[in-house]
Amino acid sequence: MISGRLARHLPLLATGGILLLLFGAAAVAYDGFLSSRVIVNLLADNAFLGIAAVGMTLVIFSGGIDLSVGAVIGFTSIFTATLVTGRGLHPAVVWPLAIGFGAGLGALMGTLIHAFRLPAFLITLAGMFLARGTAFWLNTDSVGITHPWYDALANFDLALGESIHVPAAALLLLAVVGAGYVVAHHTRFGRTLLAIGGNEQSALLLGLPVGRARIAVYTLNGAGAALAGIVASVYTSSGNASMGLGLELDAIAVVVIGGTLLAGGRGHVAGTLLGVLIFGTIQAAILFDGRLSSWWMRIVVGALLLAFILLQRFLVRGVGKR
Amino acid sequence: MFTLITRQPFLFLAAAALLTVTGLFGAAPKKTLKVGFAQTGAESAWRTANSDSMKAEAAKRGIDLKFSDGQGKQENQIRAVRSFITQGVDAIVIAPIVETGWDPVLREAKRAKIPVILTDRTIQTTDASLFVCFIGSDFYEEGKMAADWLAKAVSGKGNIVELQGTPGSAPANERRKAFADGLAKYPSLKIIDAQSGNFERSGGKQVMEAFLKKHGKAINVVYAHNDDMALGAAQAIEEAGLKPGKDITLVSIDAIGEAVKAVAAGRINCTVECSPLFGPKVYDTIAKVLAGEKVPKKSFNQDELFDATNAAKALPTRQY
Amino acid sequence: MKSRSTLPWLLAGLALLIGLNLVANPAFLKITVQDGHLFGVPVDILTQGSRTMLLALGLTLVIATGGVDLSVGSVVAITGAVCALMLNTGAGLAATVAAAVGAGALAGGGNGLLVARIGIQPIVATLILMVAGRGIAQLLCGGQVLIIANPAFEFLANGFVLGVPVAPLLVVALFVGTHAFVRRTAAGLFIEAVGDNETASRFAGLAAARVKALAYVFCGACAGFTGVLTAANIRAADANRAGENAELDAIFAVVVGGTALTGGRLSIMGTFLGAILIQTLATTMYYRGVPPAVAPVPKALLILAVSLLQSEQLRSRVAALWRRKEAAS
Amino acid sequence: MSAPTLLQLRGITKRFPGVVALSGVDFTVQAGEIHALLGENGAGKSTLIKVLTGVYAPDAGTISLAGTTIAPAAPKEAEQAGISTVYQEVNLISALSVAENITLGRQPGKFGFINGPAMRRRARAALARLELDCDVDAELGSLSVALQQMVAIARALDLRAQLLVLDEPTASLDEKEVAELFAVMRRLRGEGLGIVLVTHFLDQVYAVADRITVLRNGQLVGAYATAELSRLGLVGKMLGREVSDAAGRVAPGSGVEGSHREGDAALPGAVAAGDVVLAARGLSRRGAVQAVDLELRRGEVTGLAGLLGSGRTETARLLFGIDRADGGVITFKGAPVQFGAPRDAVRLGLAFCSEDRKSEGILPNLSVRENLILALQAKRGAWRPLARAEQQTLCAHYLAALRIKTADAETPIRNLSGGNQQKVLLARWLATQPEVILLDEPTRGIDVGARAEIEALIATLRADGLAVLLISSELEEIIRNCARVLVLRERKMAGEVTAGPELTTEGLMRRMAGTHGEFPALPAEADQ
């Protein structure tokens, strides 16, 4: 007899198993793949995708979607660079401002979606155009950022023993996943989101604050995307309006790979981290191979995506048939 | 739950399939020179010719080239460079998508004592020791050449409309700025309108149609950020009953085969190119750097400009 | 029962946009004959908008079944490449167009299989082909822009018949044909039924999965023909750029036209007007000299305006406000 | 009744556009009583409950709980005031654990964080109160429906509820579970809780309720002590007329005298049964039904009775090709057939009205006309469209024949009342001129008048020579309309009864329950 708790986490364990197999396969195929640096890089290089994906997970929990996250990352990065480099403002002032803007846009979209029952797909598409357009309006060029805080962050790493150095971005990703996990699975808000995605009518009758939670989740996701934009600006020490182009689709893909149902109502934040790592491992393996042409890269990514989604589909069917 | 367990064989099957997919690429040969190349993407024929040159030359010299396509995103390029460092390549070549944002990753490369060579475009950095050298063509230079040629051709006077590339993309930014800087010396040459045609032929055609209706005969010159848009604009001009190359002067950049042909035929007046065939020069430079020789910090690949004087002659030898 | 039709709103929006342009440029609507061809801004709008219209036409059916197809842009790139390869190996025009449309239909069939049979969410299912499709197109082209030198082929996009541009003629004919098809046969009812309530449709004896899958096939075929027009328009197959971001404009045109993203209602006429509205907006931006960088902003505002106009919640709130005002006076 | 008054509703009025759902209703519940709220569909029961639980704000009237006036503006406020509800149609969230469902929205913890161990403790305590033992970490969706129902009640009890509202709590429970539930309810009553029970099962009312309040057409009929109100009297009050028919054949819901009974000749069983049209032998599907045999004959209405979950609907789904059978044979006019999908069945001349009108029947946003012609059009295929004029003729015919109330045929069907929607769905199938029609709960959730009309229609269909399968949870309805009744119990055949003295509610119930004599004694007015 499997305990209920374990049973509920089996899909997650299966996804984890897939990740290990994938990583193992790459480690066998490529010399030097199995190294602490590769693992740390998986976290660091995918930090802003991962941070955005955590917020996206929560939105998808509630049965929604947010196409604006990539554009918000672009906006935040150029906004930060413009103020820090162009106006000489301190990041400590600019960062909260940027996060505020992200949250504000999210709140606006959430309010429209909730109050007027508008399709999230359309409203967040408008949000995407708005954020990207404003970003380019600020500056079409990329702008470098030189500031002691940026240098310090870029050079910071947590040394674990001799050879393992974990950079700030990787730590932040883990922190955000941790926070996302707690919010999603150990707060009333998080459980309310899953309830809304599972059955909105029931959630209303059960006395859950549906409207508040829905607006809050888009707000939170907007703030998360802005945070991802700040991480992107640190990662490159620069701001660039076209940063994060198309990232929303990657984020949706990793959330789905992580086992969260796009229809809402079922999923796990830890799965999203696994999704990010699977996505990252595919890319890392392609880089280690180094022989794929531009087009084969896209085809292989598409094919692997298909394989995972089919696999997950059959897993879900298996669970559903009980 | 039990269904899940019975599904496990399927999981293993899938994993096995993955193994085969990744295994297909196999292990790389050892003890040869290993170079990582972070290309920007595959956004144009020029870029593909550039990638092909790097690959073909590597194959010829027996170099193990790790090629990465950034798909137009700096974050992908940075990821690639970090991976090259992890893989312990002997040298890294980058064709930067944007000018800023490279310091952190280049510092990592420097710490790992891997020489970095920039091609195609330089970067903005406070620490020039982060890269060994820069081998250009740069988009800025191209824009400047176009401006200078134009000033001479129309004797410093005229109304220009500009067909810009995709907003925010580096070639669009550079070619716009360089052209504007180049024109600064000629106050009577004015850009009267500018729009983005997204580097697409249909975009160039569409924008040009609108410009022709809006400004009518006031337009003397079209400056297009690439040949595709210039060719589209030429079509639009013809359809409006004017003669491209005569009634309106067309200046563009890239020198793809079709454009050089158009120059020879007089439909386009001038197209500027920097050769994409970087391979030999890049690997020569790497060899020198690894042997401890000194290399110039900045060098340029051969620039060419095609106008009525030389286009017809150059046609038979064009490689792309 | 209030009319749910959005056509009046659409026409009003279009009229407003054109009115704004007429104020700034009284010749905006003028059509002249030059070199025996119709010439003028409205002609440009129709010609330039023809590709978006065609993509939107296919998407209309898919969206009416409650789905969406993000892969159409990549399919445009693939079929453009197919055209170039066929023509450059000496194939005839008819065979080339058939091959391209067939390739599009095949891609649509793949999407339909994933969505209708395997039950994958349309966004995710078509995202796969969106990513991989451009790679396939680049593979076919070898990363080059393949030049097409075939006057008959180019005629499809840039030619004129009796002074009228061919591409919009073809597209309008396809719209009329599709409209007739969905309204003169029961296809429209079936599509709307499946989009409104798939289970109930199946229980009423409809082959719901087949209806859905065929909608994707049709959408793919439309994207395939769009690929033909795109390649013909620029006399080249550009795997990297052809159809880039085209899916967003097309989805936008469909939704603006009154076909709800949730499925169940289908308006071919609305899609046509929606596509014209978008193209007119783009043209307006060229004429008003809106900097290219901020061009997405007006688009965002248009999406918001249209969404709000279609919101029953907003309508009923405004109606309630109105009633209160009347009661007070 | 010396118990203190717990809940008092006075003069509750609730209007919806065009309808007065409740008008000046008073309702009183005492502490420590089980109070049944009864009425036909459309009487205003669910509106009253929704007013009580804060889903709707009343247009007039007051609510007081334990002497304090309350005005809950949301379900949560009602809960906080001490009114907990288990809704019939509302499922909990199947992807969450049992513990999470029980505590959803009020999980223990600080600052919005959930204290997991405390939550599980609380859930276990709530379940213990129902004497239930299940893994609180299990996903709710992995439990049986009955267990989910118990979890929902546990959730309601988790609050220090003073008043518990149970809306059709027994709809998905088997008899043993009903008995368990009643035991729990009695225990809670002993603890001083007031319980409002909404149900359609009169047996259960008499088994457990102390008092009864009857609503009709949005108005209060009266409140009575159960012991002082006979079954017959109750039914009379619900229907608004005194029922004097002692034969037991015309019982609740039948306002239909004369409309379809053209003399005794039309009574079930009086028409000679024709040929077998559709038959099944040993029809089985894992988890649905085992070895069901049935024969549907031309000009005969066959009933299919059984408790919920006994396999009634599952049988119909197998016959119609919605699900695929693991075993057994279906024959149509003697020839074996295999239906891969409903459309195969439709092509042969079968029709199926699903019990779940909303999700399996109507296309809410399409017009009445489109809904009506859909099946016929599907049968003809896309290439042979019905001309608009034909469609209009069809609509006009059926709108008149079935007396469907709608502004016009172009109105979206979602604007119609449940009964009229159901009639449109029947018309959808009649338009295909089927030979066999499977009706799954055709009168569920519709008002008395429409119900009578649908029953009349069934008689017409029979007279026209159709083979009809009538599935219903209302035994009276089955008895009134059927010549033969098949009874299912726990997914297996439990007998067949032909019209005659054997065909009584009691006889059917005994077979459904599978216990002869053990079934709770029926009230005095027996069927014979």
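The values are calculated or read from the model by the stated rules, or taken from the named source; none is laboratory data. Note that the structure is a prediction, hence the values are computed from the model and not measured. FYI the Cβ positions are ideal-geometry reconstructions off the backbone, even for glycines, and counts take in every protein chain you see. Ligands, DNA and RNA are excluded from the accessible area calculation, which covers all protein heavy atoms including side chains. Shrake-Rupley method; radii C 1.70, N 1.55, O 1.52, S 1.80 Å.
A few remarks follow.
- Carbon + sulfur, % of accessible area of the protein assembly as shown - ligands and nucleic acids excluded, 1.4 Å: 59
- Ranking C:Thr185, C:Ala293, C:Asn150 by Cα position along the charge dipole of the stretch C:46-299, where only Lys, Arg, Asp and Glu carry charges on their C-beta atoms, puts C:Thr185 farthest toward the positive end.
- The DSSP beta bridges internal to the protein assembly as shown are antiparallel in roughly 45% of cases.
- Under 5 Å between amide hydrogens, built in the peptide plane, is the criterion, and for D:Gly465 it picks out D:Gly299 among residues at least 5 positions away or on other chains.
- When C:Leu321, D:Leu215 are compared by accessible surface with a 1.4 Å probe, the order from highest to lowest is C:Leu321, D:Leu215.
- Rounded to whole Hz, the Karplus (6.51, -1.76, 1.60) HN-Hα couplings of the stretch A:265-277, x for glycine and proline: x, 7, x, 8, 5, 4, x, 4, 4, 4, x, 4, 5
- Across the stretch B:191-197, rounded Karplus estimates of 3J(HN,Hα) from the backbone phi angles (6.51 cos²θ - 1.76 cosθ + 1.60, θ = phi - 60°) give 8, 8, 7, 8, 8, 8, x Hz, Gly and Pro being marked x.
- Cα gyration tensor, the stretch C:214-305 - rounded (a/c under 1.5), prolate or oblate: oblate
- For the stretch C:46-299, a crude dipole built from +1 on the beta carbon of Lys and Arg and -1 on the beta carbon of Asp and Glu, taken about the Cα centre, is about 180 debye to the nearest 20.
- Rounded to the nearest 20 debye, the dipole magnitude of the protein assembly as shown is 1320 debye, with +1 charges on Lys and Arg beta carbons, -1 on Asp and Glu beta carbons, and the Cα centre as origin.
- Here the Karplus curve 6.51 cos²θ - 1.76 cosθ + 1.60, taken at θ = phi - 60°, turns the phi angles of the stretch D:130-136 into couplings of 8, 6, 10, 10, 8, 5, 6 Hz, with x standing for Gly and Pro.
- Three-way shape call for chain C based on the alpha-carbon gyration tensor, with the a/c threshold at 1.5: oblate
- Crossing angle, helix B:8-24 versus chain B [Cα axis fit, 0-90 degrees, rounded to tens]: 60
- Chains A and B, summed buried accessible surface - 1.4 Å probe, Å², nearest 100: 5200
- Candidates D:Ala123, D:Ile330, D:Pro75 compared by Cα position along the dipole of chain D: farthest toward the positive end lies D:Pro75, with charges placed on Cβ.
- Extreme residue, positive dipole direction of the stretch D:5-244, given options D:Thr103, D:Val184, D:Leu9 (C-beta unit charges): D:Leu9
- Using alpha carbons only, the radius of gyration of the stretch B:139-274 set against its Kirkwood radius gives Rg/Rh = 0.92.
- Per-residue accessible area (protein heavy atoms, 1.4 Å probe) orders C:Thr280, A:Thr85 as A:Thr85, C:Thr280, starting from the largest.
- Projected label points at D:Arg187 and D:His397, each 7 Å from Cα along the beta carbon direction, are separated by 6.0 nanometres.
- Put simply, the amide H of A:Thr187, placed in the peptide plane, has neighbours under 5 Å in D:Ile114, leaving out anything fewer than 5 places away on its chain.
- Using just its DSSP H runs of length 4 or more, each adding -39500 (n - 2.57), chain D gives a mean residue ellipticity at 222 nm of -9500 deg cm²/dmol after division by all residues.
- Charge tally around A:Gly207: other residues with Cβ under 9 Å, Lys/Arg +1 each, Asp/Glu -1 each, net 0.
- Kirkwood radius, the stretch D:5-244, all distinct C-alpha pairs, inverse of mean reciprocal distance: 18.4 Å.
- Principal-axis tilt of helix B:279-290 within chain B, Cα atoms, nearest 10 degrees: 50
- Helical segments meeting 18 Å axial Cα length and Kyte-Doolittle -1.0 threshold in chain C (DSSP H): C:7-24, C:41-64, C:72-88, C:93-112, C:122-141, C:166-184, C:208-234, C:268-288, C:296-310, C:312-328
- Amide proton proximity set for D:Tyr56, modelled H, under 5 Å, gap of 5+: D:Val51
- Its relative contact order, with pairs defined as Cα atoms under 8 Å and 6+ residues apart, puts chain D at 15 percent.
- When B:Tyr140, A:Tyr150, C:Tyr286 are compared by accessible area at a 1.4 angstrom probe, the order from most to least is B:Tyr140, C:Tyr286, A:Tyr150.
- Principal-axis tilt of helix D:116-129 within chain D, Cα atoms, nearest 10 degrees: 70
- Checked against a 23 Å cut-off, the cross-linked pairs B:Lys157/B:Lys313; B:Lys177/B:Lys288; B:Lys144/B:Lys297 give Cα-Cα distances beyond that limit for B:Lys157/B:Lys313; B:Lys177/B:Lys288.
- Formal net charge of residues neighbouring D:Thr13 (Cβ-Cβ distance under 12 Å; K, R +1; D, E -1): +1
- Using heavy atoms of the protein chains and a probe of 1.4 Å, the accessible area assigned to C:Val131 is about 40 Å².
- Cα-centred dipole magnitude for the stretch D:284-334, charges only on beta-carbon of K, R (+1) and D, E (-1), debye, nearest 20: 120
- The Cα-based radius of gyration and maximum Cα-Cα distance (Dmax) for the protein assembly as shown are 36.1, 116 Å.
- Taking Lys and Arg as +1 and Asp and Glu as -1, the other residues whose beta-carbon sits under 10 Å from that of D:Ala409 total -2.
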